[in-house]
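The values are calculated or read from the model by the stated rules, or taken from the named source; none is laboratory data. It should be emphasised that the depicted structure is a prediction, and the values quoted were computed from it without experimental measurement. Cβ: placed from backbone, ideal geometry, glycine included. Neighbour counts: every protein chain shown.
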Amino acid sequence: MRKNRSVPPCTVIPVLYYPDPREAAAWLSKAFGFKVRLRIGENHRVQMKAGDGCLVVAEGTVPETEAKVSGGHAVMVRIEDAFAHCQRARAAGARILTEPVEHMYGERQYNAQDPFGHRWDFTETVKDVAPADWGGEAVELE
């Protein structure tokens, strides 16, 4: 894939709509530790990095009818310390939907909602577990 400094370097790039992208980007940085990569226009879009992942915060709102048709969404982000990350998010005003909990598949996860209704799922790897050990079916693993 060719490199273009004007586009995030990730293969999959979620675009999330907020009424004020710069305000949202500042909040996402404070609450979740994301980094601003590029600002576009006065308040049109903000490209962000989350570890080696990318997202775009765009100006606008998703109409209620469109949200009902497309269903809900969540963005999953891998992190290093779910407990500390959850505390940081809570302190910044995130609504914590579920507290960090360790699952049989080797991940400690919690869920949060930002002030604009987007759901974020954060996951910390605590151990490497074979999918077959918890009922998963590995089809193609790297």
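Tabulated results
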{"item": "Any hit, the stretch 112-119, residues being in a strand (DSSP E or B) and modelled with pLDDT of 95 or more", "result": "yes"}
{"item": "Test for Tyr110: is it hydroxyl-bearing (Ser, Thr, Tyr) and over 14 Å from the mean Cα position of the chain (by Cα)", "result": "no"}
{"item": "Pair list, Cβ under 7 Å, 6 or more apart: the stretch 79-107 residue in the same structural domain as Trp27 (by TED's automatic domain parsing) and over 16 Å from Gly117 (Cβ atoms), other residue aliphatic (A, V, I, L, M) and surrounded by 13 or more Cβ atoms within 10 Å (Cβ to Cβ)", "result": "none"}
{"item": "Gly33 vs. criteria surrounded by fewer than 14 Cβ atoms within 10 Å (Cβ to Cβ) and either modelled with pLDDT of 90 or more or under 14 Å from Phe116 (Cβ atoms) (or both)", "result": "no"}
{"item": "The lone exception for Glu140 - which of (1) in a loop (DSSP other than H, G, I, E, B); (2) of a type in the set (Asp, Glu); (3) at pLDDT 95 or above it fails", "result": "(3)"}
{"item": "Yes/no for Arg108 being in a strand (DSSP E or B), at pLDDT 90 or above and touching a helix residue (DSSP H, G or I) at 6+ places or on another chain (Cβ under 6 Å)", "result": "yes"}
{"item": "Residue that is farthest from the chain's Cα centre (by Cα), among those in the stretch 113-142 that are aromatic (Phe, Trp, Tyr) and crowded, with 18+ Cβ neighbours inside 10 Å", "result": "Phe122"}
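Per-residue answers, yes or no, for (1) in contact (Cβ under 8 Å) with a residue 12 or more places away in the chain; (2) more than 19 Å from Glu80 (Cα to Cα); (3) assigned by TED's automatic domain parsing to the domain that holds Val77:
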site: Lys3; (1), (2), (3): no, yes, no
site: Ser6; (1), (2), (3): yes, yes, no
site: Ile13; (1), (2), (3): yes, yes, no
site: Lys35; (1), (2), (3): yes, no, no
site: His44; (1), (2), (3): yes, yes, no
site: Lys49; (1), (2), (3): yes, no, no
site: Gly53; (1), (2), (3): yes, no, no
